[in-house]
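Asks: Questions regarding the structure given below will be posed in turn.
The values are calculated or read from the model by the stated rules, or taken from the named source; none is laboratory data. Just so it is clear, the structure is predicted and the values come from calculations on it, not from any experiment. Cβ placement follows ideal geometry from the backbone for every residue including glycine, while neighbour counts extend to all protein chains displayed. These accessible areas exclude ligands, DNA and RNA; they are computed on the full protein's heavy atoms, side chains included. Shrake-Rupley method; radii C 1.70, N 1.55, O 1.52, S 1.80 Å.
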Amino acid sequence: MSLAVGARKGKQSTVYAGVNSSPAQIAKGTNQHLRTMNVEPSKQKAKSGEASYSITEKARDALFKNPAEDTYQRLLRTSGRMAIAASAFGNDPQIAVFDTSGSTIASRGVIELPRDVEDMDILQVSATGYLVVFCYKYELHLFRLDKDKDSTEPQHIFTMPTDEPQ
């Protein structure tokens with residue numbers, strides 16, 4: 001399972017979670033792995049006097065292309081209005097990019113990868129520009145994303161040397 005908190009709108013926060021569909025749904029070829037939930041303070045206080053919260057599921061979405069039955073959403077990150085989710089255990093490792101600014105999420109596409117991502121992050125660097133950084137094994141990669149332009153291909157930017165004798 002993966003979890004990320006999105007932007008706050010008034011008293012309401014949005015939470016995104018990676019939760020696969022039921023095995024029966026997956027067997028039918030549908031895996032709505034991304035859940036969007038709204039969290040807001042309840043109008044009534046709990047009996048203990050502490051604040052209570054109302055959590056409402058807003059949507060379920062499928063972002064990965066051609067997922068295998070074992071594919072699941074391993075990682076999830078947000079920054080500003082953009083978010084990324086990485087798959088794991090599928091035949092085609094992917095990072096899905098999506099916009100969270102509207103009332104529903106909008107897929108911005110999928111980055112195809114040679115292997116599963118071990119970690120990743122997204123950083124807003126301008127009003128419409130973002131950097132996606134991801135790694136696997138000893139390699140670090142960078143992907144530029146801009147709201148108004150086509151995104152670039154991932155660039156290999158660093159390989160950590162191994163400590164093995166040569």
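Asks: To the nearest 20 Debye, how big is the dipole of region 27-121 about its Cα centre, given +1 on the beta carbon of each Lys and Arg and -1 on that of each Asp and Glu? Numbers along the way, then the final one.
Replies: Values: 13 positive and 13 negative charges, 108 e Å.
That gives a dipole near 520 debye.
Asks: Which whole-number percent is the relative contact order of the chain (Cα, under 8 Å, 6+ apart)?
Replies: Worked out over the chain, it gives 13 percent.
Asks: Could you count how many Lys pairs in the chain have their Cα atoms under 25 Å apart, skipping same-chain pairs fewer than 8 positions apart?
Replies: 16
Asks: Assuming a ≥ b ≥ c are the square roots of the Cα gyration tensor eigenvalues, decide whether region 1-152 counts as rounded (a/c under 1.5), prolate (otherwise, with a/b larger than b/c) or oblate.
Replies: Note, shape of region 1-152 comes out oblate.
Asks: On to the next question. Name the residue farthest towards the positive end of the dipole of region 15-152 from the options MET120, LEU76, LEU131, assuming +1 on Cβ of Lys and Arg, -1 on Cβ of Asp and Glu, about the Cα centre.
Replies: Towards the positive end, the residue furthest out is LEU76.
Asks: Ok, one more. Within region 17-166, what whole-number % of the accessible surface is contributed by carbon and sulfur, with the 1.4 Å probe and all protein chains included in the calculation? Could you put the intermediate results ahead of the total?
Replies: Numbers: 4350 of 9070 Å².
Using a 1.4 Å probe with all protein chains present, region 17-166 comes out at 48 percent carbon and sulfur.
Asks: Then there's this: Contour minus end-to-end for LYS65 and HIS156, with contour as 0.36 nm per residue of separation and end-to-end as the Cα-Cα distance?
Replies: 30.4 nm
Asks: Ok, one more. Might you report the magnitude of the Cβ-based charge dipole of the chain about its Cα centre, with Lys and Arg at +1 and Asp and Glu at -1, to the nearest 20 debye?
Replies: Magnitude of the dipole: close to 1120 debye.
Asks: So how do 31-42, 79-90 stack up, highest first, on mean other-Cβ count within 10 Å? Display every interim value, and only then the final one.
Replies: Values: 31-42: 17.8, 79-90: 21.2.
Result, highest mean first: 79-90, 31-42.
Asks: Between SER107 and SER42, what's the calculated FRET efficiency when r is the beta-carbon distance and R0 is 35 Å? Round to 0.05.
Replies: 0.60
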